[in-house]
Amino acid sequence: MKITAAITGVGSYLPDYILTNEELERTIDTTNEWIMSRSGISERCILKDKDKASAYMAAEAAKQLLSKKGLSPLDIELIIVATVTPDHQYPATANIVADMIGAKNAWGFDIQAACSSFIYALTTASKFIESGAHKKVLVIGSDKMSSIVDFTCRKTAILFGDGAGAVLLEPTTDGTGIIDSRMYSDGSGKKYLYQPAGGSLMPSSIETVTNKEHFVVMDGPAVFKVAVIKMAEVAAEMMERNHLTSDDVAFLVPHQANKRIIEATANRMGVSMDKVMLNIQKYGNTTSATLPLCLAEWEHQLKKGDNLILTTFGAGFTWGGLYLKWSY
Ligand code: COA
């Protein structure tokens, strides 16, 4: 019997501070009406503590998952953290998280593919399960986007939030789990969404800080145009490759970057909005955390055997789709 990677538990963490559209109206030239109609976002959670970042949120999500499952951190063999806002350039956030939760038997590393990081990480992790190499793998998406967003820039300040979500992967032979996935990449899209400074091409300097080059730079309409096509295309491809009709799909689990992109994806799949996991209004775009935050929020509505289509689009450009049969 074929071994597949089943999601057998989920956990999440969201910071307490809620940044509303009304608060943004007071600090930048925008309106609640504009933000809601263009993006679907009403508020987002922000991690205010100066001494806490992505590793802390990832560890909190992992601890919640382990406690729900009654598992010891010593049972975990591998931790993969999806993030674009690692605590440091190195060591990897996964190493720090392993230490924070006491996963002394685990090795780990980070995966960075912008807003597609979590699907890339989930696909990578599934290979360690399918090969028989590991039996308990944590995949965590965590981003402190507030650390790289310029809150004086109305084009980006309205879009992003902080948060983390974690899933546990274990082997199964019951026909559920990750059935199929397809990742894509097109680096020629780099100029439309990126963080100019802080890497080896443009190391940090007084000039880069003065010029605000450590913040997210985005050409929103250019990203929107490609995202709306590619996210829908890959979701439809997942259905076609796996002979699924819209009736077979229990839920679409889309990356939460813009409600209009999500609606276009659902429309292309022929799936009604009541079958779409949508929480962008509360959290904004939490980058690597959007998909596991959805799974954690909808966990109690899911049944064993439910067909889920996960789909995402992000900087790079990167995009991907994943077909998952829910395992519990
Ligand atoms: N409040 C009010 N007006 C704003 C604004 C804000 N926060 N931000 C921009 N505007 C203005 C613009 O200056 C522009 O004015 P102009 O026509 O006088 O120049 C107008 O609103 C329209 O801006 P535009 O950027 O064309 O809006 P849009 O409909 O494309 O919506 C986004 C902007 C960012 C919501 C949308 O482009 C988007 O979601 N893009 C994709 C983002 C994404 O997916 N990013 C992450 C990938 S994972």
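The values are calculated or read from the model by the stated rules, or taken from the named source; none is laboratory data. Because the structure is predicted, anything quoted here is derived from the model rather than measured. Note that we place each Cβ from the backbone using ideal geometry, even for glycine, and neighbour counts take in every protein chain shown. Side chains are part of the model used for accessible areas, which takes the heavy atoms of the whole protein and leaves out ligands, DNA and RNA. Shrake-Rupley method; radii C 1.70, N 1.55, O 1.52, S 1.80 Å.
Quick one: is Tyr194 open to solvent by 80 Å² or more (accessible area, probe 1.4 Å), in contact with a strand residue (DSSP E or B) (Cβ under 9 Å, 6 or more places away or on another chain) and within 16 Å of the ligand (Cβ to nearest atom)? Spell out how you get there, then give the answer.
Details: open to solvent by 80 Å² or more (accessible area, probe 1.4 Å): yes; in contact with a strand residue (DSSP E or B) (Cβ under 9 Å, 6 or more places away or on another chain): yes; within 16 Å of the ligand (Cβ to nearest atom): yes.
Against the criterion (open to solvent by 80 Å² or more (accessible area, probe 1.4 Å), in contact with a strand residue (DSSP E or B) (Cβ under 9 Å, 6 or more places away or on another chain) and within 16 Å of the ligand (Cβ to nearest atom)), Tyr194 qualifies.
Which of the residues spanning region 55-93 are of a type in the set (Phe, Trp, Tyr) and either in the same structural domain as Ser288 (by TED's automatic domain parsing) or open to solvent by 60 Å² or more (accessible area, probe 1.4 Å) (or both)? Can you show your working first?
Within region 55-93, the subset of a type in the set (Phe, Trp, Tyr) is 56, 90.
Answer for region 55-93, where residues must be of a type in the set (Phe, Trp, Tyr) and either in the same structural domain as Ser288 (by TED's automatic domain parsing) or open to solvent by 60 Å² or more (accessible area, probe 1.4 Å) (or both): just Tyr90.
What residue, of Ala157, Ala166, Ala121, Ala133, is more than 16 Å from the ligand (Cβ to nearest atom), of a type in the set (Gly, Ala, Ser) and open to solvent by less than 10 Å² (accessible area, probe 1.4 Å)?
From the options Ala157, Ala166, Ala121, Ala133, the qualifying one is Ala166.
Of all residues being touching a residue at least 40 places away in the same chain (Cβ under 8 Å) and of a type in the set (Lys, Arg) in region 225-262, which is farthest from the ligand (Cβ to nearest atom)? Just the residue, please.
Here the answer is Arg241.
Among the numbered criteria (1) away from the ligand (no atom under 16 Å from the Cβ); (2) open to solvent by less than 30 Å² (accessible area, probe 1.4 Å), which single criterion is violated by Thr265?
Result: Thr265 fails condition (1) only.
Name the residue, out of Lys52, Lys69, that is more than 21 Å from Gly284 (Cα to Cα) and modelled with pLDDT of 95 or more.
Details: Lys52 fails: more than 21 Å from Gly284 (Cα to Cα).
Just one listed residue meets the conditions, Lys69.
Could you list, in sequence order, all residues of region 215-243 that are assigned to a loop (DSSP other than H, G, I, E, B) and more than 21 Å from the chain's Cα centre (by Cα)? Can you show your working first?
Let us first name the residues in region 215-243 that are assigned to a loop (DSSP other than H, G, I, E, B), namely 215-216, 219, 242-243.
Matches in region 215-243: Asn242, His243.
Given Ala98, Ala103, Ala121, Ala59, which one is under 29 Å from Lys190 (Cα atoms) and not basic (Lys, Arg)?
Exactly one residue qualifies, and that residue is Ala121.
For residues that are within 15 Å of the ligand (Cβ to nearest atom), in a strand (DSSP E or B) and more than 21 Å from Tyr17 (Cβ to Cβ), tally how many sit in region 273-320.
8
Can you tell me which condition Pro221 does not meet? The list is (1) within 16 Å of the ligand (Cβ to nearest atom); (2) buried (at least 18 other Cβ atoms within 10 Å of the Cβ), and all the others hold.
Result: Pro221 passes all but (2).
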